[in-house]
Amino acid sequence: MKTAVVIARTLLGIIFVVFGLNGFLQFLPQPEMPQAAVAFFGGLAASGFMLPTLFATQLVGGALLLLGMVPLGVVILAPVIVHIVEFHVFLAPAGLPLAIVVAALAMFLAWTHRPAYRPLFAASLAPSALMGTPEQSAPARPRA
């Protein structure tokens with residue numbers, strides 16, 4: 001199982017580092033996309049900040065996976081992966097097989113690291129319960 005985790009995190013990390021870098025350096029050729037997909041990317045580019053944010057997120061998340069910080073890398077990449085799958089389902093179906101592989105790798109890594117995510121789903125105490133009431137947190141005063 002350890003070997004499968006290392007392979008999955010390395011593969012997913014390389015995918016996101018390469019595509020994140022490609023967003024900044026454009027070293028991979030762009031495939032033909034349907035008009036709706038071109039319009040979508042045009043809108044992201046027109047914002048001036050969305051595509052750089054997306055590519056930086058991919059780069060950081062991929063690097064974290066390659067460095068072994070899998071739970072954090074998967075948390076950072078999860079929203080990106082959801083949108084990649086949605087993009088290919090609704091706008092550019094030709095890329096759906098790779099999107100499914102990416103999503104499956106991420107789900108596998110999340111599953112194998114599920115103890116790290118357990119606190120995210122636990123009921124939390126109110127901040128006052130963690131710090132105590134003002135009377136409890138104040139230093140004791142001597143009585144006269």
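The values are calculated or read from the model by the stated rules, or taken from the named source; none is laboratory data. Not measured: the values here are computed from a predicted model. We place every Cβ from the backbone using ideal geometry, glycine too, and count neighbours over all the protein chains shown.
What the table below lists for this structure:
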quantity	calculated
Scan of segment 57-89 for residues that are more than 12 Å from the chain's Cα centre (by Cα), assigned to a helix (DSSP H, G or I) and touching a residue at least 40 places away in the same chain (Cβ under 8 Å), ordered by number	Leu66, Phe87
Selection count, segment 10-56, where residues are among the aromatic types (Phe, Trp, Tyr) and either over 24 Å from Phe90 (Cβ atoms) or in a loop (DSSP other than H, G, I, E, B) (or both)	3
Some residue of segment 1-18 being closer than 22 Å to Thr112 by Cα, modelled with pLDDT under 95 and basic (Lys, Arg)	yes
